[in-house]
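One structure below.
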Amino acid sequence: MSETKRETGRVVAKGAQRMTPSEAFVETLVANDVTDIFGIMGSAFMDAMDIFAPAGIRLIPVVHEQGAGHMADGYARVSGRHGVVIGQNGPGISNCVTAIAAAYWAHSPVVIVTPEAGTMGTGLGGFQEANQLPMFQEFTKYQGHVNNPARIAEYTGRCFDRAMSEIGPTQLNIPRDFFYGDITAEIPQPHRLDRGPGGQASLDEAAELLAAAAFPVIISGGGVVMADGVQECRALAERLGAPVVNSYLHNDSFPASHPQWCGPLGYQGSKAAMKLIAKADVVIALGSRLGPFGTLPQHGLDYWPKHAKIIQIDADHKMLGLVKKITVGICGDAKAAAVALSERLAGITLACDTTRDERRAQIKAEKDAWEKELDEWTHETDPFSLEMIAEQEQEEGSWLHPRQVLRELEKALPADVMVSTDIGNIDSVANSYLRFEKPRSFFAPMSFGNCGYALPTIIGAKAAARDRPAVSYAGDGAWGMSMSEIMTCVRHDIPVTAVVFHNRQWGAEKKNQVDFYDRRFVGGELENQSFAGIAQAMGAEGVVVEKLDQVGPALKKAIDAQMNEGKTTVVEIMCTRELGDPFRKDALSKPVRLLEKYKDYV
Ligand SMILES: Cc1ncc(C[n+]2csc(CCOP(=O)(O)OP(=O)(O)O)c2C)c(N)n1
Ligand SMILES: [Mg+2]
């Protein structure tokens, strides 16, 4: 029978042929160039799993399925290819919910394959039975439920197509008895969108606004990374001489060495970026949904330019004007739109052409001032932090200031590094110290904001990009949720370098108790074991860092061991209990108690 050859060198059955549903499923994976799947084996899909290897597919077994979901996310984010996750029906699948929610908000083309209880038992309360579609309803762009074994290839193909076209996770739900049988199937060819720049009228209108702008500013968002459009964004920025700010947690959307790069907006972001965008009369949000969390006031600066004209470009029309008021909305691909705008601005005189040098000087001055401030900002200076620092000076051991640690790490990170961060106080402060030259380098938990994200995500990224150094940052609390995946690194030869900020507390949330609950600490303390010791017990290297001058060398040594010896290292850095600004001052208020017995709790 006939076959077609894919770019990966593998062949796929061509034309309608007799095969089993398992074969149709696996062939469709091959047609979509799947080479790696993250998950834990299970009887539910064993018939298909049995032919993964001859199809050229590696199943990467994990410790916990949440880890598999994050790995698929990291894999997709670094490669631009599908990340695929699979698990046993029922608990194996419910374990993935948090990770798929995170992938949804990271716009990752992840396909979660969810084998389901067999159709002859559905509704009877059998073993590992769960209604698996509602679990992921909110966090998927499309849910394909195989309703007949003969349609397994069709639904599989559609899930892979939609994950790419809708830029987010899709679910493929397969009753486990539907892997068996004898069907005639045709393996569908993948459909990939050729995305365009957006409507001509909206592009013309945007170009007119830009031509007349006195102080245009570009927000380079995640859409620029996903569209592989950094060069095109750069060309537009250079034509305008405009400052470029990264949208929140997309620090890799513009090269940090570029003179027009100003750093990220949002929580613990760059003051230079915020001060410059505050001056804008026209803002181009390129590939950004302008999410609510990403533009909140920071450092006491309410920087969003309320009177500026806003041009928003997003591949999803539903994001246009959703959060921020806009003047022009362009439904288009960030890269194609940047090209279309640059073409319109070529060869004409712009109002801002005359102030190019002046604006360049302004950008430099703001950036220099922010770098100086960061250099001098060695520790937090609020009363709680100062008390903690003083207290810890009396204690045994040596504790480092997180900001100084983050600066040292920044200096020691290699140029092509991939970094994932977790959710926590120190991870958030890290935002000011994470700069990248290349896109697809920075993986934060984005809007879902779940602790336990960083390690499994960087493992997935490393699995997709073995030649790049992989580093994760996590606080000691978040680390506890995810650290068992170090065993995945060791068992399956996916070496990474994991930095753990050991400050003996769930700091980010404790900060709210400092600010709002009169330091009534509930559940915030973590008296930890040795994370370096636990790492060693899991078969990895583990080092403890207690001196500032050891931070850089420890990280470099660990990365060297990762790249040259295939070794995973946990770098445990002992930090003070000082705490940076909280996540969001807007979301809490001072407690009010109406019952007499709680009257002191205000
Ligand atoms: C899964 C999950 N559970 C709880 C939270 C709430 N939360 C946000 S930050 C945080 C504390 C993180 O502590 P740690 O990892 O030690 O970092 P630190 O803040 O101390 O730097 C918690 C519990 C969350 N975001 N995700
Ligand atoms: Mg902590």
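Nothing in this text is a laboratory measurement; each read-out follows from the coordinates by a stated rule. Model, not experiment: these values are computed from the prediction. Because the Cβ atoms are built from the backbone with ideal geometry, glycine has one as well, and the counts that use them run over all protein chains shown.
Brief remarks follow.
- Spatially proximal lysines relative to LYS309 (Cα-Cα < 23 Å; intrachain offsets below 8 disregarded): LYS271, LYS275, LYS279, LYS318, LYS324, LYS325, LYS335
- Dipole-positive endmost among PRO469, ALA444, ILE486 within region 429-489 (Cβ charges, Cα centre): PRO469
- Amide H partners (placed H, <5 Å) of GLU116, local residues excluded: ILE174, ARG176
- Look at GLU572, GLU391 and count the other Cβ atoms within 10 Å of each Cβ; fewest to most, that gives GLU391, GLU572.
- Length-normalised contact order of region 139-208 in % [C-alpha pairs under 8 Å, at least 6 apart]: 36 percent
- Set against the 2.2 N^0.38 Å expectation for a compact globular protein, region 25-137 has a Cα radius of gyration ratio of 1.03.
- Taking packing as the residue-averaged number of other Cβ atoms within 10 angstrom, the listed peptides 465-473, 185-193 run from highest to lowest as 465-473, 185-193.
- Annotation: amide H of LEU434 has no partner in the under-5 Å range at sequence separation 5 or more or interchain, hydrogens built in the peptide plane.
- Basic side chains Lys and Arg get +1 at the Cβ, acidic Asp and Glu get -1 at the Cβ, and with that the dipole of the chain about its Cα centre reaches some 1100 debye.
- Out-of-range pairs (alpha-carbon distance over 27 Å; input LYS5/LYS141; LYS141/LYS585; LYS547/LYS567; LYS14/LYS438): LYS5/LYS141; LYS141/LYS585; LYS14/LYS438
- Ranked by the mean number of other Cβ atoms within 10 Å per residue, highest first, peptides 588-599, 376-387 order as 376-387, 588-599.
- Region 514-552 and region 212-257: distance between their alpha carbon centers, rounded to Å: 36 Å
- Whole-number percent relative contact order across region 17-95, with pairs defined as alpha carbons under 8 Å at least 6 apart: 34 percent
- Euclidean distance of C-alpha centroids, region 278-328 and region 137-155, integer Å: 36 Å
- Region 198-262 shape via C-alpha gyration tensor axes, a/c threshold 1.5: oblate
- Rounded Å value of the spacing that divides the Cα centres of region 4-32 and region 338-406: 51 Å
- Highest-first packing order for the peptide set 150-161, 513-524 is 150-161, 513-524, based on the mean count of other beta carbon atoms within 10 Å.
- Cα-based convex hull volume of the chain per residue, rounded to whole Å³: 172 Å³
- Under 13 Å, Cβ to Cβ, from ALA540 - net charge with Lys/Arg +1 and Asp/Glu -1: -3
- Relative contact order (percent, whole number), the chain, Cα cutoff 8 Å, 6+ residue spacing: 13 percent
- For region 197-333, the square roots a ≥ b ≥ c of the C-alpha gyration tensor eigenvalues yield an a/c under 1.5, which makes the shape rounded.
- Placed amide H near ILE187: partners under 5 Å, 5+ positions off or other chain: GLY15
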